[in-house]
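Encoded as C-alpha cells, the structure appears first; notes follow it.
Nothing in this text is a laboratory measurement; each read-out follows from the coordinates by a stated rule. The structure displayed is predicted, hence computed values, not measured ones. Glycine gets a Cβ as well: all are built from the backbone with ideal geometry, and neighbour counts include every protein chain shown.
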Amino acid sequence: MFKHRVWIVAIIICLLYWATWHGYHDNPDMNYKTNPLLRHGLNFGLLLAVALAGWYGWSKHHQQWTKNLWLFIYSCVIILVVLLGVVDVLARFENSSFRSMLSSLRLFFTSPVPYGVLMYLAKRSTGGKTFYR
C-alpha cells in the first residue's frame, strides 16, 4: 500500500528508537555522569531527527493530510518540550516527577508508535486500496 519511502522511514525511526533506548538509556554512565546539557541536546536532536524522518516519509505520499498532521503534532511537541525545558532550567525544579514526565513525552514521540498509528490511519482512510504517485 505504501511507497518504499514510508517503510524505509519506519525502519529508520525504529533504529533511532532502538539506538536511543539501548545505546544510552541502558548505560548508567550516560545518565548520571554526562553533562546535562549534552544529554538534553542528544534527546532533542533525536526528537528532531524522528520529526524530520517522518516528514520525509510522508512528504510525497498521495494523502497530504498525513504530512500535515505529522508536522502539526511534532511542531507542537517540539515547542512544548522546549518550553518545559526552559521552565525546568529557569525554575531549577528538584521534582524528579516533572523531569520524568518530560522525558516520557520525548521518549514516546521518539518511538515508532506515532508513525505506526499514522500509517494505520492512512491505510484505513483509503479502505486498503493502493495508490501511488
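Brief remarks follow.
- HN-Hα J in Hz across the range 107-124 - Karplus 6.51, -1.76, 1.60, θ = phi - 60°, x for Gly and Pro: 5, 4, 7, 8, 6, x, 4, x, 5, x, 4, 5, 4, 4, 5, 5, 5, 5
- Between Arg92 and Leu48, the modelled labels are 2.8 nm apart [label points 7 Å from Cα along Cα→Cβ].
- Cut-off 14 Å (backbone N to label point 7 Å along Cα→Cβ of Ser125), residues of the range 59-95: 59-73
- Gain on full stretching of the segment that runs from Ser75 to Arg5 - 0.36 nm per residue minus C-alpha separation: 23.0 nm
- Convex hull per residue volume in Å³, alpha carbons only, for the range 4-125: 97
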